[in-house]
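Scroll down for the structure; my scribbles are underneath it.
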Amino acid sequence: MNAVDPHTLTGAYALDALDSEEHEAVRRHLAECPSCAQEVLEFAETVARLGAAVAVPTPATLRSGVLERIATVRQEPPPTTRAARIRNGRRGFHRWSHWALAACIAAAAGLGGVAVRQHGLAEDARQETARARQANDAVAEVLAAPDARVSTSRIDGGAVGTVVVSASLDRAVFAASGMAPPPPGKVYQLWYDDGGAMRSAGLMDVGATAGATLLEGPVDGASGVGVTVEPAGGSPSPTSAPVALLALPTA
Amino acid sequence: MTENVWIGGVRPAAPDLPELMGRVALGDQQAFTAVFEAVSGPVLGLVRTVLRDSAQSEEVAQEVLVEVWRTAARYQPSRGSVMTWVLTLAHRRAVDRVRSEQAASNREKRVALLEHTAAYDEVVEQVEGRLEREQVRRCLRGLTELQRQSVTLAYYRGLTYREVAELLSVPLGTVKARMRDGLIRLRDCLGVGV
């Protein structure tokens, strides 16, 4: 392509009328030219009106096809890692997103704490580190499983809960962000939902309200994961209404 | 909050699409269904207009709508409406499909295709006949002939500006300029603001 002034190409850009090389050149230019970027935003809104004007009724086959597929299509994680994703390009995305997710959740799960303790000299601290690392490895294994599926939903108090499940490992990981600590003397207990019957999946680590917890026991076909507030030590069955109830993503 | 009084006609359903997209990004399938109802007709209509092949159109529209689900976290309300974000995706996918087919066919076929498309008046008329919104039709008519042809051949037919220039036998620079000033005029006529 010869040296074309990208300013003159905003119209063709918004109409997708450039070849891919030129399209990229203009896209890069927009980052440095706020007035061009603004013009492109307005043009995009303008041509979308042309698009909306040729709407047709949606056939039932399209509706069912799309709604069936989204039940099994994993979503991209939130955009904190967008820059790296663009650099990596489209091809590597699927694999990469696993690791990004694993990294985000593992970081939140307190690997930082593990690192600090690694420098401690006391033997018990070292053992604890090993245990913590094993737990983290197990979490990371689920997150990085090729068949890992993610389901996210808002839970009480504005927190966001995420369940990652791997059918091949038959294990699940629960992670929450923005979850308040349990009331004094109480713990968060995790449950598998076996068609309405709750099966204990262990306690959430104290202080893990922003981290990831490997659920105890196999998923074993459970349809969902619940979180309740229980007395310290946990309960054989839930004694309160769940603060979070997430459907497990289907394979 | 008091509710505004709606005068005349059926009150249009106005789901809060940006809010719904926020929920879609968190994996909310119900929210996605509501977004789907709002955007699927325009997506399919646009893809079908560009591709002119019913079976392929549904397949491409499906890809686009699944991509909306998959990449929902990328949507930024500050950068425009949900409809625009979705239709931008849809247009690119449709255009990619058209061009990959053109690349696959040989040059002769491509020229034939362009010659076939040369009945551009027909193209524009055909598209205009399907425009539901009087405002869009009126604003398109407010463009000069060359602006209108440049914009509609690119947008509704997926032609590059080089192809448009070839088709209309006008210099490249003229087509680029007509696309831009055509869109400026359309933008102002439609009262688009971001």
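The values are calculated or read from the model by the stated rules, or taken from the named source; none is laboratory data. The model shown is predicted, which means the values in this text are computed figures rather than measured ones. Every residue, glycine as well, gets a Cβ built from its backbone with ideal geometry; the counts of neighbours run over all protein chains shown.
Yes or no, residue by residue, for (1) more than 10 Å from chain B (Cβ to nearest Cβ); (2) modelled with pLDDT of 95 or more; (3) assigned to a loop (DSSP other than H, G, I, E, B):
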position	(1), (2), (3)
A:Glu22	no, no, no
A:Val26	yes, no, no
A:Ala31	yes, no, no
A:Ala37	no, no, no
A:Phe43	no, yes, no
A:Arg49	no, no, no
A:Thr58	no, no, yes
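Would you check if there is a residue in the range B:179-188 being more than 21 Å from B:Arg137 (Cβ to Cβ) and facing chain A (nearest Cβ under 7 Å)?
Within the range B:179-188 (the criterion being more than 21 Å from B:Arg137 (Cβ to Cβ) and facing chain A (nearest Cβ under 7 Å)), the answer is yes, since at least one residue qualifies.
Looking at the range A:237-247, which of its residues are of a type outside the set (S, T, N, Q) and at pLDDT 85 or above?
Listed by number, the list holds a single entry, A:Pro238.
If a residue must be surrounded by fewer than 23 Cβ atoms within 10 Å (Cβ to Cβ), in a helix (DSSP H, G or I) and either touching a residue at least 12 places away in the same chain (Cβ under 8 Å) or more than 9 Å from every other protein chain (Cβ to nearest Cβ) (or both), how many such residues does the range B:163-178 contain?
Within the range B:163-178, residues that are surrounded by fewer than 23 Cβ atoms within 10 Å (Cβ to Cβ), in a helix (DSSP H, G or I) and either touching a residue at least 12 places away in the same chain (Cβ under 8 Å) or more than 9 Å from every other protein chain (Cβ to nearest Cβ) (or both) number 7.
Does the range B:151-162 hold any residues that are part of a helix (DSSP H, G or I), under 19 Å from A:Glu22 (Cα atoms) and within 8 Å of chain A (Cβ to nearest Cβ), and which are they?
B:Val151, B:Ala154, B:Tyr155, B:Tyr161, B:Arg162
How many residues are within 30 Å of B:Asp181 (Cβ to Cβ) and small (Gly, Ala, Ser) when one looks only at the range A:36-71?
The number of residues fulfilling the criteria is 7.
With the checklist (1) surrounded by fewer than 15 Cβ atoms within 10 Å (Cβ to Cβ); (2) within 22 Å of B:Arg187 (Cβ to Cβ) in hand, flag the one item B:Trp85 doesn't pass.
Only one criterion is unmet by B:Trp85, namely (1).
Which of the residues spanning the range B:37-86 are at the interface with another protein chain (Cβ under 7 Å from one of its Cβ atoms) and in a loop (DSSP other than H, G, I, E, B)?
Of everything in the range B:37-86, those that are at the interface with another protein chain (Cβ under 7 Å from one of its Cβ atoms) and in a loop (DSSP other than H, G, I, E, B) turn out to be B:Thr71, B:Gly80, B:Ser81.
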